[in-house]
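Student: The structure under discussion is supplied below as C-alpha cells; questions concerning it will follow.
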Amino acid sequence: MIVSSAERGGDARERLLARLLDAFEESLPSPDMSLREIAARAETSHALLRYHFGSLPGVLAAMLTVQRSRDNEALLETARRGSFDDLVVAIWRAYTRPGQLSRVRGFFHVVGLAAYTPEDFREFIDSLDDLTTMLASLAEGKGHDAKQARSMATVAIAAIRGLLLQEVLTPKGHSGDAVALILRMSKGN
C-alpha cells in the first residue's frame, strides 16, 4: 500500500492518510499529541480522524503501516540486487538513519498496544512479516532449505528489532558490533 498526496483517487480514508503522511513527512506524531493537534497539523478535523482510524493509536498504526510499506519497496530493490547480508545491513541503515527515531519509537509504541489488543491492529500486525519474507527468500536463493531460511530470517529480524529497541532506550550502544554478529550467524560462524 503506497499512499501519497499524488493519489487523488481512492476512498476518503486513503486521502486522509495521505494528508497525515504529508503533514508529518517521515516522522510520526508523538503519542502525547492529541487527535485535535494532529488534525490541525494535517488541516483536517479530529472527528474525521476518529471516524476513519478510531483513536490516536489507530492513526499511528495506519501511518506506520504505510511508511513501512514504502520502506519495504525501497528495501525490495536491495533484495533484488543483493544478498541476505546486504539486506540486513540495508534494513539496519534504513531504520537508524538520522530522523528515524520518532518512527522507531512509534513502532515500539504501536507494537506494545497491539500486544494487548491485536484485533485492533490487524493490518499493522499482518505487515510485520514482510521483511522476514524478503530475507528468507534471499537465504533460499543461496541454497538454504525453506525451513532454515525462514529461521535465519526470523532471527535476523528479531535481532534487528531488539537492537533498535536498545538504540531507543540506551543510545550509543554497540549495535554495529551486534549487526556484524547477525551477519556472521547467517554464515554459520
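Student: Could you line up E43, E14, E26 from fewest to most neighbouring Cβ atoms inside 10 Å? Kindly include the intermediate steps, with their values, before the conclusion.
Tutor: Numbers: E43 9, E14 18, E26 13.
Fewest to most other Cβ atoms nearby, the residues stand as E43, E26, E14.
Student: Calculate how steeply helix 130-141 sits against the longest principal axis of the alpha-carbon atoms of the chain, using the helix alpha-carbon long axis, and give the answer as 0 to 90 degrees to the nearest 10.
Tutor: So the inclination is approximately 20 degrees.
Student: Cα extents of segment 79-121 along the three principal axes, largest first, in whole Å?
Tutor: Computed over segment 79-121, the largest-to-smallest principal extents equal 38, 23, 12 Å.
Student: Something else about it: Based on alpha-carbon centroids, what's the gap between segment 111-160 and segment 37-101 in Å, whole number please?
Tutor: 16
Student: Express the relative contact order of segment 1-148 as a whole percentage, based on alpha carbon pairs under 8 Å and six or more residues apart in sequence. Write out the running numbers ahead of the final one.
Tutor: Details: 120 pairs, mean separation 35.5, N = 148.
In percent, rounded to a whole number, it is 24.
Student: Continuing with this model, one more query. Please rank R150, R41, fewest neighbouring Cβ atoms within 10 Å first, as an exposure proxy.
Tutor: Placing the least packed residue first, the sequence is R41, R150.
Student: Where does helix 56-81 land angle-wise versus the long Cα axis of the chain, in degrees 0 to 90, nearest 10?
Tutor: Computed tilt is about 40 degrees.
Student: Let me ask you something else. What per residue convex hull volume, in Å³, do the alpha-carbon atoms of the chain yield? Present the calculation step by step, with values, prior to reporting the outcome.
Tutor: On the way: hull volume 24.2 nm³, N = 189.
Measuring per residue, one finds 128 Å³ for the Cα hull of the chain.
Student: Could you give the size of the charge dipole of segment 56-186 about its Cα centre, using +1 on the Cβ of each K and R and -1 on the Cβ of each D and E, expressed in debye and rounded to the nearest 20? Intermediate values should be presented prior to the final figure.
Tutor: Details: 15 positive and 15 negative charges, 75 e Å.
The dipole of segment 56-186 has a size of about 360 debye.
Student: Follow-up question, since we're still on this one. Could you work out which residue, out of M33, M63, M152, moves most in a Gaussian network model of the chain, that is, has the largest mean-square fluctuation with Cα springs under 10 Å?
Tutor: Of M33, M63, M152, the most mobile in the Gaussian network model is M33.
Student: Follow-up question, since we're still on this one. Calculate, in nm to one decimal, what S69 and L169 gain on full extension: separation in residues at 0.36 nm each, minus their alpha carbon distance.
Tutor: Details: separation 100, 0.36 × 100 = 36.00 nm, distance 2.49 nm.
Working it through step by step, the gained length comes to 33.5 nm.
Student: Per the helix-only calculation at 222 nm, which mean residue ellipticity applies to the chain, given -39500 (n - 2.57) for every DSSP H run of n ≥ 4 and division by its residues, nearest 500 deg cm²/dmol? Spell out each step's value before the answer.
Tutor: Details: 10 runs with 138 residues, N = 189.
Calculated at 222 nm, the ellipticity per residue is -23500 deg cm²/dmol.
Student: If I fit a long axis through the Cα atoms of helix 175-186 and take the longest principal axis of the Cα atoms of the chain, what angle between them do I get, 0 to 90°, rounded to 10?
Tutor: Its long axis makes an angle of about 50 degrees.
Student: Taking the number of other C-beta atoms within 10 Å as the exposure measure, put E123, E140 in order starting with the fewest. Spell out each step's value before the answer.
Tutor: On the way: E123 13, E140 18.
Least crowded to most crowded, the residues run E123, E140.
Student: Under 13 Å from the Cβ of A79, count the other residues' Cβ atoms, weight Lys and Arg +1, Asp and Glu -1, and hand me the total.
Tutor: Numbers: positive: R80, R81, K142; negative: D71, E73, E77, D85, D86, D130, E140.
Summing Lys and Arg as +1 and Asp and Glu as -1 gives -4.
Any read-out appearing in this document is the output of simple, stated calculations on the displayed coordinates, not a laboratory observation. No experiment lies behind these values; they were computed from the predicted model shown. Reconstructed Cβ throughout: ideal geometry from the backbone, glycine too, with neighbour counts over all protein chains shown.
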